[in-house]
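No value in this document is a laboratory result; all are computed from the given coordinates. Just so you know, these numbers come straight off a predicted model, no measurement behind them. Backbone-built Cβ (ideal geometry, glycine too); neighbour counts: all protein chains shown.
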Amino acid sequence: MLTLYDNPFSTNAQKVRLVMAEKDIAFESIILDLQAGDQFNPDFKKLNPAAQVPALRDREKLFTESTVISEYLQDAYPEPSLLPGELAGKADMRWLTEQTNGWMSPMINSLNIGLVFRHIYAEKSTAEMAAFWAANPNPIQLMRQRSCAEEGVNSPYIAIALRRYRTFILTLNTRLENAGPWLAGQVFSLADTGLFPYLNRLDLMGFERLASGATAYANWLDAMRSRPSVQKEITNKISENALAAHREFVARDQSALDGILAELRV
Ligand SMILES: N[C@@H](CCC(=O)N[C@@H](CS)C(=O)NCC(=O)O)C(=O)O
């Protein structure tokens, strides 16, 4: 049995769970509370020195990095395949999945911290927060996360994230208009399972406006949301209460966010 170090809300973990659901792979989940700092527990850091989920244990081996894990699962459980048939199609799919680790995941994390998690951190004492930051082994991530936690909506990462996502959604929309119905063309692939969690999170936070005018993209989101894998591993694992709390936190910065979105003309 595979073991996933997991968190229901983690977009990177959702990505791996979607692959497992599409392939009907059984796994057990060990949930880490990331706002409480479970990822910094020395036993977990011994397994994954980056102190992040997801991590996947398959017998005696431990794999980290959600895109790498997704490819590992495709290799280990080839059917049903989540790869385009053509060489160029595979490279195109990998260009798309490369975007997730390159900027989509850090930018979603910036929005999460700057607009939502900072309100949860506010319940910790100064000493607890100092220990939380001190335990983070990733110096670049740490600088970004502290900027978002301390400056909130005024952190430069918030506007950067919204602008970057808007541009990319328009790129995806054009790609889908030219060669859909899936992100890498005719074949449902790791590009769809890989990118959906981050793009879906934008909507869950109330940023549907970033997709205004992008009809082909909206159709793709709908097609993804009707897949049993998405319902099982994302929709049904996020409670209405958690979602409402999330949106309520984001709404506290609505007027500043409206200013940023107006500049993007959405
Ligand atoms: N590049 C990594 C990113 C993993 C990542 O950022 N995971 C987040 C949850 S979505 C995490 O564990 N964050 C812990 C923290 O921010 O301290 C991957 O693709 O797996």
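Residues in region 232-248 carry Karplus couplings, in order, of 5, 9, 10, 4, 7, 9, 10, 6, 4, 5, 4, 5, 5, 5, 4, 5, 5 Hz; the curve used is 6.51 cos²θ - 1.76 cosθ + 1.60 with θ = phi - 60°, and Gly or Pro positions show x. Using 0.36 nm per residue and subtracting the Cα-Cα separation, the extra length available between D75 and A26 on full extension is 16.0 nm. So in region 1-125, what percent of DSSP beta bridges are antiparallel if you round to the nearest 5? Among the beta bridges of region 1-125, antiparallel pairing accounts for roughly 60 percent. Where both partners of a DSSP beta bridge lie in the chain, what percent of those bridges are antiparallel, to the nearest 5? Roughly 60 percent of the beta bridges in the chain run antiparallel, per DSSP. Each residue of region 23-29 was assigned a 3J(HN,Hα) from its phi angle through the Karplus expression (A = 6.51, B = -1.76, C = 1.60, θ = phi - 60°), giving 9, 6, 8, 6, 7, 10, 10 Hz with x at Gly and Pro. Computed extension length for T174-A36: 45.6 nm, one decimal, from 0.36 nm per residue of separation with the Cα-Cα distance subtracted.
Stretching the chain fully between S255 and I140 yields a gain of 38.5 nm (0.36 nm per residue, less the alpha carbon separation).
Annotation: amide H of A55 within the under-5 Å range of Y5, sequence separation 5 or more or interchain, hydrogens built in the peptide plane. Region 142-215 and region 1-20 have Cα centres lying 19 Å from one another.
Considering only M20, M129, M107, the Gaussian network model of the chain with Cα springs below 10 Å gives its largest mean-square fluctuation to M129. At q = 0.17 Å⁻¹, what log₁₀ I(q)/I(0) does the chain have when each alpha carbon counts as one equal point scatterer in the Debye sum? The Debye formula, applied to the Cα set alone, gives -1.48. Equivalent ellipsoid of region 2-76: semi-axes from √(5λ) of the C-alpha gyration tensor, largest first, are 20, 13, 10 Å.
Restricting to region 2-76, what percent of DSSP beta bridges are antiparallel, rounded to 5?
60
T235 to A127: FRET efficiency via 1/(1 + (r/R0)^6), r the Cβ-Cβ distance, R0 30 Å, to the nearest 0.05?
Working: r = 38 Å, r/R0 = 1.27.
Calculated value: 0.20.
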